[in-house]
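Take a look at the structure below.
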Amino acid sequence: MRGARGVEAADSQVGTLSMLTAGTSSSGNFACTTATQRTLRDLRTKRKGQPVYVVGHVLERKGQEATFELFNVRLAVVKFSDGVLLGYDPGELLLPTDIDEKGVAEFEIRQCQQCEQQFPLTTEELNAEKEPTACPECR
Ligand SMILES: [Zn+2]
């Protein structure tokens, strides 16, 4: 007769990866765009590795995604996927619209129809019936 089997291993604890919520940088998550924060400059805590979308002065890097590394005097140094490091004004680094549970940043960038600046949408704006056509400053 077989003895009772031991307690079955509890279901593995997958799925406990906490939801990445916007703006909770203090708890270890990266920030997403919200109504009050759209660029790296708006973040009180700028975490290394924060995904950003570059709209700055370097033409060949414009529109690329990068991650924030550190501050060098007043410039935010970001790292591109090819390993290149460049410094930007933190206002030139847009935040992602969303970050999925795997940590992949999703950027929904639009151009303002009034001032032609690029700006990131919040998830609410992305899911709204009508996306905003003007950047926050022009609204
Ligand atoms: Zn505008």
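Here, each number is a calculation from the coordinates, and none is a lab measurement. All values derive from a computational prediction rather than experimental measurement.
Details
- Over 19 Å [Cα-Cα, the range 27-127], rounded percent: 36
- Amide H contacts under 5 Å for Tyr88, placed H, 5+ residues apart: Ala76, Val77, Val78
- Karplus-derived 3J(HN,Hα) values for the range 126-139, using 6.51 cos²θ - 1.76 cosθ + 1.60 with θ = phi - 60°, are 5, 8, 5, 4, 10, 6, x, 9, 10, 6, x, 5, 8, 6 Hz; glycine and proline are entered as x.
- Bridging of Lys79 to lysines at a Cα separation below 17 Å is possible for Lys46, Lys48, Lys62, once same-chain residues fewer than 8 apart are set aside.
- Gained length - Ala35 relative to Val77, 0.36 nm times residue gap less alpha-carbon distance: 12.7 nm
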